[in-house]
1. Tell me, which residue of segment 155-190 that is assigned to a helix (DSSP H, G or I) and free of Cβ contacts under 8 Å to residues at least 24 places away in the same chain is farthest from residue 97 (Cα to Cα)?
2. Just a yes or no: is a residue in segment 123-137 outside the structural domain of residue 24 (by TED's automatic domain parsing), assigned to a loop (DSSP other than H, G, I, E, B), farther than 23 Å from residue 214 by Cβ and more than 13 Å from the chain's Cα centre (by Cα)?
3. Go through segment 149-162 residue by residue and tally those that are within 23 Å of residue 131 (Cα to Cα) and either outside the structural domain of residue 212 (by TED's automatic domain parsing) or crowded, with 18+ Cβ neighbours inside 10 Å (or both).
4. Take residue 179 and decide whether it is at pLDDT 95 or above, more than 17 Å from residue 113 (Cβ to Cβ), touching a strand residue (DSSP E or B) at 6+ places or on another chain (Cβ under 8 Å) and surrounded by 15 or more Cβ atoms within 10 Å (Cβ to Cβ).
5. Look through 40, 99, 13, 1 and report the one residue that is modelled with pLDDT of 90 or more, closer than 30 Å to residue 175 by Cβ and touching a strand residue (DSSP E or B) at 6+ places or on another chain (Cβ under 7 Å).
6. In segment 35-119, which helices (runs of 4 or more DSSP H) lie fully inside it and hold 2 or more residues that are over 15 Å from the mean Cα position of the chain (by Cα) and surrounded by fewer than 15 Cβ atoms within 10 Å (Cβ to Cβ)?
7. Considering only residues that are in a helix (DSSP H, G or I), modelled with pLDDT under 95 and closer than 20 Å to residue 126 by Cα, which ones fall in segment 215-260?
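The values are calculated or read from the model by the stated rules, or taken from the named source; none is laboratory data. Everything numeric in this text was worked out from a predicted model, so none of it was measured. Because the Cβ atoms are built from the backbone with ideal geometry, glycine has one as well, and the counts that use them run over all protein chains shown.
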């Protein structure tokens, strides 16, 4: 990964790009009004672009599908929650104010944003992301994105992003240290309408959900484990999840209760 600024750059962007280069220990390249694709060809590497209001990651193999933070479906989901309407994840997790929520597969953070809006100031949401550049992009986006909704801005800012592999992180946690442990692995079956994660698929770490992972999650989860997966997935049956089947959706939620 190398870092540069947007095409129409300014001194502030250059200062930030250099700061981020030092932080991430990656080279800073002067933009010189060159297209991202040309910089990519010269450097033979992925490019992180510092813009006026956001960061973009351009993967070398798919330069026309940049990865950037956007709350996506969380925007309308949080609005529904604020109106007192039901959200499928919140229903499956039985999430309430003050609870702790560990998102082992953070992605672009939509589910964690909704969870954070529910658990509030007295709760805690941690999101695990294995790719350090995507984790950095999320840390930046969650703190700086302006949604126009105060409750949502606060929910985003409260999420703690951790750059780790989720199994390693789970092994280090004490028994019953989170109320809910959540998994949303990349589906084996593509859902074509999920445009928001097209770029993410390119750089995501495809870490499968192993039996060891579920066993560690059972130890760490005080109340329940929640799995979001494609309706064709065999993981629900393999690991003993009780499934909330949703007729109108291509993905379901499965739950393992751990507070018996």
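1. Filtering first and then ranking leaves 168.
2. yes
3. Let us first name the residues in segment 149-162 that are within 23 Å of residue 131 (Cα to Cα), namely 155-162.
Pick out the ones that are also either outside the structural domain of residue 212 (by TED's automatic domain parsing) or crowded, with 18+ Cβ neighbours inside 10 Å (or both) and you get 155-156, 158-159, 161.
Looking only at that region, the number is 5.
4. So residue 179 passes the test.
5. Details: 40 fails: closer than 30 Å to residue 175 by Cβ; 13 fails: closer than 30 Å to residue 175 by Cβ; 1 fails: closer than 30 Å to residue 175 by Cβ.
So the residue among 40, 99, 13, 1 that is modelled with pLDDT of 90 or more, closer than 30 Å to residue 175 by Cβ and touching a strand residue (DSSP E or B) at 6+ places or on another chain (Cβ under 7 Å) is 99.
6. Those helices (runs of 4 or more DSSP H) span 36-43, 74-82.
7. The initial filter retains those residues of segment 215-260 that are in a helix (DSSP H, G or I), namely 215-220, 235-239.
Okay, now just the ones that are also modelled with pLDDT under 95, so 235-239.
Result: no residue meets the conditions.
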